[in-house]
Amino acid sequence: MAAILTTCAYCGVGCGIAAKVVGDRKVSIAGDKDHPANRGALCSKGIHLGETVGLEGRLLHPMIGEERVEWDRALDEVAGRMRECVETYGPDSVALYVSGQLLTEDYYVANKLAKGFIGTGNIDTNSRLCMASAVAAHQRAFGEDVVPCSYEDLDCAELIVLVGSNTAWCHPVIWQRIERAREQHGTRLVVIDPRRTETAERADLHLAVRPDGDVALFNALLGEMLARGLVDQDFLAAHCTIPAQFWDSLDCSPGVPAEVFSRFADMVAESPRTVTLFSQGANQSVGGTDKCNAITNLHLATGRINRPGAGPFSITGQPNAMGGREVGGLSSMLAVHLGFSLAERADVATFWKTDHLCKGPGLKAIDLFRAVHDGRIKFLWIMGTNPAVSMPDAGFVREALARCPTLVVSEIMAETDTSRFAHVRLPALGWGEKDGTVTNSERRISRQRALFTPPGEARADWQIICEVARLTGFEEHFSFDSAADVFREYAAMSALSGAYGKLFDLTAWADCSDAEYDTMRPFRWGGRHPCAARFPAEGGKARLVRVTAPVTPSQQPDFPLRLNTGRYRDQWHTMTRTGLSPKLSIHRREPRVEVHPDVASEIGLLDGGLARVGTPFGESIYRVELSEAVRPSEIFVPMHWSDGLSAGGRTGRLVQPTVDPHSGQPGFKNTAARIAPFRPEWRAFLAGRVRIRPTTDYWSASRVEKGWITELAGMGSVDFDYLMPPGERSEASDMQAGMKRLAVSAQDGSLEAVLFITRSGTLPPREWISDQLGTDFASVTEWLAGRPLTPLQDCGPTVCVCHGVGELDILSAIDAGAEDVATISKCTKAGTNCGSCRPIISRLLDGHGARLTEVR
Ligand SMILES: Nc1nc2c(c(=O)[nH]1)N[C@H]1C(S)=C(S)[C@@H](COP(=O)(O)OP(=O)(O)OC[C@H]3O[C@@H](n4cnc5c(=O)[nH]c(N)nc54)[C@H](O)[C@@H]3O)O[C@H]1N2
Ligand SMILES: Nc1nc2c(c(=O)[nH]1)N[C@H]1C(S)=C(S)[C@@H](COP(=O)(O)OP(=O)(O)OC[C@H]3O[C@@H](n4cnc5c(=O)[nH]c(N)nc54)[C@H](O)[C@@H]3O)O[C@H]1N2
Ligand code: SF4
Ligand SMILES: [Mo]
């Protein structure tokens, strides 16, 4: 059977996939060797996509409240409520909140409907939380949101500087490319991150900047380049405008130890071919736009841009973050890279044949939810994003959702933390079902193609939007009959950009046939270095931007620490999909708070214990991981866990909602916080075939092959009857160890669920017992012991998820003389599939622990 070429569902690397459908909703996944973004490589998330295409938990029918309804009724309800809202309260009482996980075609029609026909600028996207600062910085420096680099630049750079990017976890295939460049050409690597991540550990130099110390660092670095005569005066004269007092602003302390700074400056000085790759440690800050411009200033002033191996390179997070920026999904842009000047608005109105075009920019995400909260927005349609988890001050966002007179949610999953507030839920097609295009970090447009027929009654997002537009009276403007049809109109519209000196141009595709669209191979707009042609701003010149280091926030006595938040290697955002994959759940089964051992010993936190993390906005409980990778003044928690999967892991409600003044992007990575031990009176875990929703102080559920493991802890009485499934019960108690055990078997004698509770003892390992779910291989005695009577060989916590290789397997290979990752891979197979565990293998080789230790 021929493979279908498509693109990965997850990150902005935009890897090509060759997928073969091998059964009912079963697919075998391989990297597309001909795709320029990945040349066949895939990371753990891409490789295991097949585990997340089942129909478990899917929303398959339109719902009004808890009632399943026909599409016509659901669409009438949505269109009717929307029309009524516009008529009674005006267009700005309506808002759309969309996502970089929509395809370009979905995004285009959503933007056209909101800005063009409802007539409101109130359409914003989760890219506001993600890319907005980079967008604003590009606009300030280049006059257009253009990324001036491509992945090939990584192959030929002498030095790669990563700013606020945990590339090994979040863009693993770019990481593999960087590793290859280092092996083949001796490329050097600097990582700037307050945390010593797996990425930072592998670097030639790690600068543990203080939170938001990047502007000072880059200003000082440019000052140093000036002092060393490395500013390219000819390039500046020809290509850049320089604001008054620009050079004075560089006179500042770098904020890192002098010897570290001078090593960094030496490396930069020696490497004309430098690429600075930046991600959320730069963007997600109340000074994010300035950080991105500080980086861009360095490249412009040293002429290290528009040349092979050189440039400031903002990498995108979501699969179609870039496509969303191109269509105008952000409330601050109109469409196809155009803004809101009279002339641009007139051109867009003519192209769309509308007299309803919005008058100006709309509200940015944080303000948009404020307007929902205070009643200015009365109709909100959310597509492809889960703001109840992912927005800062998520407690406030939930209040807003609960108050909203009409909340419509287009989703692939039946229940998310957001959709629980919805009046109408519309079932959308997900990855493997939908068809269209995405644009990756290097502006490369690729097709996502359908592998399966639509499940249930789900429809493509663009179709749903067009149906609503039709019922609202705009039928002739939304009469697209295929994704190709939408793409052609969008490509034709890009002709408008050229008149304003913009580089964005897809007009070559304006007349493509359906067949050409269907067989589209990945292509990049703007070529390898799009700014090489000209800088559109300021009469063909780029701008240096004067930026100054932000004021360090004053110490709050009740919240003495800084809370940093981010990602785990094998989970995607709010876990609605990756949380269902047994393999991807192995890497981190619970949300952990990473704390420096010195802080922990001061306040009595134990490794593997629990801690309450609090900020002025909320509180959550996490598992404690002692780690010298975080600075003593900071703690780190993952963003991923939702209410559906945990009691305490909801990070969003801890994060401050303060935003960058230019981009409106929130500072997710720097909130005043405190931490204290949470000492439960009892601890427990339940391994069961079905997912449970406990009400205990702490719980966190994780997927295993045959069901779920839920970790539990709390105060007071222990009553779990409500969580146990029906069936035959066997019990055992060990009063001395304060332990109680309960097993439930199904009618056929197989294990349905097992619960272990202790007040003071140790709980048995989770792996063996969770493997017994749904089987009757072991005896009840073994179930209640939580281990087989004849002990199995213990391989330790899993390091290589693909091949199931444990820490102890790798340590024995090292004991047997293996000295590098390649040899270990040869002996154990670890790291030979996706390669995402190679950094851990390196850690083990360096004599460090794998940081995988499971909770006991
Ligand atoms: N596994 C996985 N991969 C993903 C995603 C996912 O959910 N899971 N999501 C995708 C998306 S949408 C995105 S946006 C990207 C994000 O990719 P990344 O930006 O690499 O991920 P984060 O973990 O959010 O943050 C990166 C680093 O910024 C550091 N940081 C915090 N504060 C500062 C600071 O002040 N200065 C500097 N220099 N660094 C700082 C953090 O310590 C963290 O290690 O990942 C994409 N890829
Ligand atoms: N604390 C903290 N919070 C953060 C961040 C951080 O670093 N720290 N990072 C921020 C960043 S960079 C990002 S990008 C956001 C991401 O945050 P979100 O966008 O909220 O996260 P997802 O879980 O990806 O949400 C996507 C939703 O769309 C659904 N979905 C998937 N495919 C489709 C589809 O084709 N159509 C429709 N209609 N629905 C679909 C999924 O089931 C899921 O519910 O989080 C932000 N929040
Ligand atoms: S790096 Fe991984 S998650 Fe990102 S696109 Fe490639 S396979 Fe998908
Ligand atoms: Mo993102």
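Observations, loosely collected:
- Prolate/oblate/rounded call for segment 291-359, Cα gyration tensor, a/c under 1.5 rounded: prolate
- At q = 0.16 Å⁻¹, base-10 log of I(q)/I(0) for segment 561-678 (Debye sum, equal scatterers on each alpha carbon): -0.73
- When only the Cβ of Lys, Arg, Asp and Glu is charged (+1, +1, -1, -1), the dipole of the chain relative to its Cα centre reaches about 580 debye.
- Calculated over segment 637-710: convex hull of Cα atoms, volume per residue (Å³): 112 Å³
- Rounded to the nearest 500, the 222 nm mean residue ellipticity of the chain from helices alone is -7500 deg cm²/dmol, with -39,500 (n - 2.57) taken per DSSP H run of at least 4 residues.
- For segment 610-622, 3J(HN,Hα) computed residue by residue from phi via the Karplus equation (6.51, -1.76, 1.60; θ = phi - 60°) reads 10, 9, 9, 9, x, 9, x, 9, x, 9, 8, 9, 10 Hz, glycine and proline entered as x.
- Antiparallel bridges, percent of DSSP beta bridges restricted to the chain (to nearest 5): 65 percent
- Legend: distances between Cα atoms for K291/K359; K20/K434; K434/K829; K26/K583; K45/K291; K45/K502; pairs beyond 27 Å are K291/K359; K434/K829; K45/K291; K45/K502.
- q = 0.07 Å⁻¹, the chain: log10 I(q)/I(0) [Debye, one scatterer per Cα]: -0.53
- Global geometry of segment 132-314, whether rounded, prolate or oblate, following the gyration tensor of its Cα atoms and the 1.5 cut on a/c: rounded
- Within straight-line reach of K541, meaning a Cα separation under 17 Å, sit the following aspartates and glutamates at least 8 residues removed in sequence or on another chain: E144, D145, D232, D234.
- Note that segment 564-569 has calculated 3J(HN,Hα) couplings of 10, 10, x, 10, 9, 4 Hz, one per residue in order, obtained from phi through the Karplus relation 6.51 cos²θ - 1.76 cosθ + 1.60 (θ = phi - 60°); glycine and proline are x.
- The local environment of L401, defined by Cβ-Cβ distances under 12 Å, has a net charge of +1 under the rule Lys, Arg +1 and Asp, Glu -1.
- Rounded to the nearest Hz, the phi-derived 3J(HN,Hα) couplings of segment 541-548 under the Karplus curve 6.51 cos²θ - 1.76 cosθ + 1.60 (θ = phi - 60°) are 10, 8, 10, 6, 10, 6, 10, 10, where x marks glycine and proline.
- Per residue, the convex hull spanned by the Cα atoms of segment 4-52 measures out at 60 cubic angstrom.
- Mean separation of Cα contacts under 8 Å, 6 or more apart, over the residue count of the chain: relative contact order %: 15 percent
- Membrane-span-like helices in the chain, defined here as complete DSSP H runs extending at least 18 Å along the helix axis by their C-alpha atoms with mean Kyte-Doolittle hydropathy no lower than 1.0, are 214-227; this is a sequence and geometry rule, not a statement about a membrane.
- Charge sum, other residues only, whose C-beta stays under 10 Å from G255's C-beta, Lys/Arg counted +1 and Asp/Glu -1: -1
Every number in this text was worked out from the coordinates using simple rules, so none of it is lab data. Quantities reported herein were computed from a predicted structural model and do not represent experimental measurements. When we count neighbours, we look across all protein chains shown, and the Cβ atoms used for this are built from the backbone with ideal geometry, even at glycine.
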